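Each remark here refers to the structure printed beneath this line.
The values are calculated or read from the model by the stated rules, or taken from the named source; none is laboratory data. Note that the structure is a prediction, hence the values are computed from the model and not measured. Virtual Cβ from ideal backbone geometry, glycine too; neighbours counted across all protein chains shown.
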Amino acid sequence: MPTEPTNPAARLSTRPILQVLTGNWWLLLLRGVAAVLFGILCFVWPGLSLLTLVVLFGAYALMDGFLSLIAAVLGRHRSTPLWWLIVAGLVSVAAGIVTFLYPQITARVLVIFIGTWALVRGAFEIIGALMMRKEYEKEWLLIAIGLLSMLFGIAILANPGAGALALVWLIGAYAILLGLPLIWLAFRLRRYRKS
């Protein structure tokens, strides 16, 4: 069995998806930092109004979507199937735009909207991880992020009538638990590129 090249560029040339992710590790880092900051704001400011929560969620969803689309655009010149990243980015951008177009939505509609967004987003994270399976042995981290999103979506959709404070804390915890693995994955990809 031939040994893997030790030159990072040669090693990545046979792994197009991993090449895109390692080349854009900083975008994953920004997504993770944005999620953690959003989550911290939910805990630091637990009495925030529904309108403020809508605006914060909209801003986070827009940033997350744009960062995913930027990663897809930066990787487009390689023969890499990035449709899952484009769809995930478009879903987040659409979620952000809808929250800004309809800021007066009720708490129940917001909960259903965020839960559905988390389910769809998580499904595409898992699809991306499965596509990477042959290229990167740490794809389990992306699968875990996707599963976390899907579990959060199911939990929030199962109990959309939870109290406002519980809702804010649940959304905050989800954002932090989503952001920390993204930050960790970003630094792992950065190290992989240099090793």
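So which of 73, 44 ends up being modelled with pLDDT of 85 or more and surrounded by fewer than 19 Cβ atoms within 10 Å (Cβ to Cβ)? Please lay out each step first, then the result.
Working: 73 fails: modelled with pLDDT of 85 or more.
Going through 73, 44 in turn, just one is modelled with pLDDT of 85 or more and surrounded by fewer than 19 Cβ atoms within 10 Å (Cβ to Cβ): 44.
Looking at (1) of a type in the set (A, V, I, L, M, F, W, C); (2) at pLDDT below 80; (3) closer than 21 Å to residue 33 by Cα; (4) more than 13 Å from the chain's Cα centre (by Cα), which one does residue 173 not meet, given that it meets all the others?
So the condition that residue 173 fails would be (2).
Residues in the range 102-119 that are in a helix (DSSP H, G or I) and at pLDDT below 85: how many?
Restricting attention to the range 102-119, the residues satisfying the condition of being in a helix (DSSP H, G or I) are 107-119.
Imposing the further condition that a residue be at pLDDT below 85 reduces the set to 107-114.
Count: 8.
Which residue, of 156, 127, is closer than 20 Å to residue 182 by Cβ, at pLDDT below 85, not in a loop (DSSP other than H, G, I, E, B) and not hydroxyl-bearing (Ser, Thr, Tyr)? If you could, list the steps in order and put the result at the bottom.
Working: 127 fails: at pLDDT below 85.
Within the list 156, 127, the selection yields 156.
Taking into account only those residues within the range 47-67 that are at pLDDT 85 or above and either assigned to a loop (DSSP other than H, G, I, E, B) or not hydrophobic (A, V, I, L, M, F, W, C) (or both), which is farthest from residue 172 (Cα to Cα)?
Residue satisfying both the conditions and the ranking: 65.
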